[in-house]
Amino acid sequence: MSLQPIEELPPKLQEIVKLFQSVQEPKAKYEQLLFYGKNLKPLDSEFKTRENKVEGCVSQVWVRAYLDLEKNVVFEADSDSVLTKGLAALLVQGLSGRPVEEVLRVSPDFAVLLGLQQSLTPSRNNGFLNMLKLMQKKALELYMEAEKGSGIVGSSKLGGGNGEVEGKIESLGSNGDVGVESSGDNSVKGLSFDAKIDGGEGLGLEGSEKGSSLEGLGSRGKRIREKLERELSPIELAVEDISYQHAGHGGVRGSDGETHFNVKLVSKEFEGKSLVKRHRLIYNLLQDELQSGLHALSIVAKTPDEVDGS
């Protein structure tokens, strides 16, 4: 599957990608990252919390998000490493001041467009993508907060609420384990990506058949698949338990520790719904699981027309 076109990225992120593409030498790209890092505004210590910390990074890095008066997302970040600060600065500058929907549509493969593979270790590449995942998660939380009419403009951590999943999204891995993806074209080519949602190939036909087998799924995975089949009548559905990749969180494949899942589905129920509303629909359907130990859910949700046109 081809990479996300540069033209689909937020304007400032387009400029950053073009800048790095104009720099040919890996060393020069590395120096450019250091420059970004040295110029990133420090994050106040009060925001260096567990909820804002990005997991899976070589260095410590924190990300904060809030909405401005026009309901656009503004990001702030910091790290104890200048290089990691540079990576964070790319995302802060490229994504800040844009609508939530636009932030969510950024595919992780834009990192490939930057051409940083030779300048960064695989672990730093993973950390960079984890930063993006956490930023997108926080943007989605803020959207849900605003939609609830709470009047809260600030911290991305949700409080209690009316009992719906919007008020429980904090259980979805505040450490950044949630993958908030675009309409499904989020394969990352050329990068090692921890907990990729697409298995590297997007929502194609491979491994995602209608009525996919329950083999390999524990009790939670079976409940998730059965609920989605019953409520969304998907044309294609794949539920993958990746808890074993997160053993530090207690998740073990096929056990009561089922905590992390990839969900990929194609359904007519998504027609006419924005990306955010598709995710919200799935979260609502899986509310019981989110409240009883499901920590992270990575979603690819497409309409049949979007699959046919890809």
* So which of LYS71/LYS138; LYS12/LYS138; LYS133/LYS222 end up more than 18 Å apart, counting from Cα to Cα? -> LYS12/LYS138; LYS133/LYS222
* Asked: When ranked by the protection proxy of mean other Cβ atoms within 10 Å per residue, highest first, what sequence do the peptides 89-95, 47-53, 17-23 form?
  -> 89-95, 47-53, 17-23
* **Integer Hz, Karplus 6.51/-1.76/1.60 couplings in order for segment 13-21, x for Gly and Pro** => 5, 4, 4, 5, 4, 5, 4, 5, 5
* Ranked highest first by average number of other Cβ atoms within 10 Å, how do 135-141, 121-127, 3-9, 81-87 line up? -> 135-141, 81-87, 121-127, 3-9
* **Whether segment 59-108 is rounded, prolate or oblate, judged on the alpha carbon gyration tensor where a/c under 1.5 counts as rounded** => prolate
* Asked: Between ALA146 and ASN72, how many nm apart are label points set 7 Å from Cα along the C-beta direction?
  -> 1.1 nm
* Asked: Quick one: if you stick a label point 7 Å off each Cα along the C-beta vector at GLU306 and SER45, how many nm between them?
  -> 4.4 nm
* To do: Return the sequence-ordered ³J(HN,Hα) values of segment 273-287 in whole Hz as given by the Karplus equation 6.51 cos²θ - 1.76 cosθ + 1.60 applied to θ = phi - 60°, using x for Gly and Pro.
  => 10, 6, 4, 4, 5, 5, 5, 4, 4, 5, 4, 5, 5, 9, 3
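Stretch ASN284-LYS18 to full length: gain in nm at 0.36 nm per residue minus the Cα-Cα span? Numbers along the way, then the final one.
Numbers: separation 266, 0.36 × 266 = 95.76 nm, distance 3.91 nm.
Value of the extension gain: 91.8 nm.
What is the gain in length, in nm to one decimal, between LYS38 and LEU3 on full extension, counting 0.36 nm per residue of separation less the C-alpha to C-alpha distance? Before the final figure, lay out each step's value.
Details: separation 35, 0.36 × 35 = 12.60 nm, distance 2.99 nm.
Here the segment from LYS38 to LEU3 would lengthen by 9.6 nm.
Each value in this text was obtained by applying a stated rule to the coordinates, not by laboratory testing. Everything numeric here is computed off the predicted structure, so don't read it as measured data. Neighbour counts run over all protein chains shown; Cβ positions are idealised from the backbone, glycine included.
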